[in-house]
Amino acid sequence: MISLGLGTAVAVTGCSYSDIPFAYEVPVQQGNIITDEMIAELEPGMTRRQVQFVLGTPAIEDIFRDDRWDYIHTEAAGGGGRPDRLTVFFEDDRLVRLEGNLAPEGFGS
């Protein structure tokens, strides 16, 4: 009877890996992978179709603000971590500006 209770306690506490120092946490990748090479291909004045060809489908396409697309990527064990972000702005369906921690300095200037 004691071994059954001890086995149940071990099984229930075994569900939490965060306290075990040698437990492997699977890296979770979410969003769009955006490389420096992809960003280097972007030029002011590109059409939405050209931007989508280079970067892929945006992670967030807000129907209330159709002048911007948001590309977000996170990769960290357990799904946490700081995301990489690139926001693409359009005027008259042409690329005018980039923002975010992946945006190059002086784009469109």
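A few points about this structure:
- Rg ratio for region 48-106: its Cα radius of gyration over 2.2 N^0.38 Å, N being its residue count, equals 1.20.
- Seen from Arg68, the other residues with C-beta closer than 15 Å to its C-beta sum to a net charge of -4, counting Lys and Arg as +1 and Asp and Glu as -1.
- Using a probe of 1.4 Å, the accessible surface attributed to Ile72 totals some 50 Å² when neighbouring protein chains are kept in position.
- Between Asp66 and Asn101, the modelled label-to-label distance comes to 3.2 nm, taking each label 7 Å out from Cα in the direction of the beta carbon.
- Largest to smallest in accessible area, the residues Val96, Val88, Val26, Val54 fall in the order Val26, Val96, Val54, Val88 (1.4 Å probe, all protein chains included).
The values are calculated or read from the model by the stated rules, or taken from the named source; none is laboratory data. This structure is a prediction, so every number in the text was calculated from the model and none was measured. Cβ atoms come from the backbone with ideal geometry, glycine included; neighbour counts cover every protein chain shown. When the accessible area is computed, the model is the full protein with side chains, heavy atoms only, and any ligands, DNA or RNA have been set aside. Shrake-Rupley method; radii C 1.70, N 1.55, O 1.52, S 1.80 Å.
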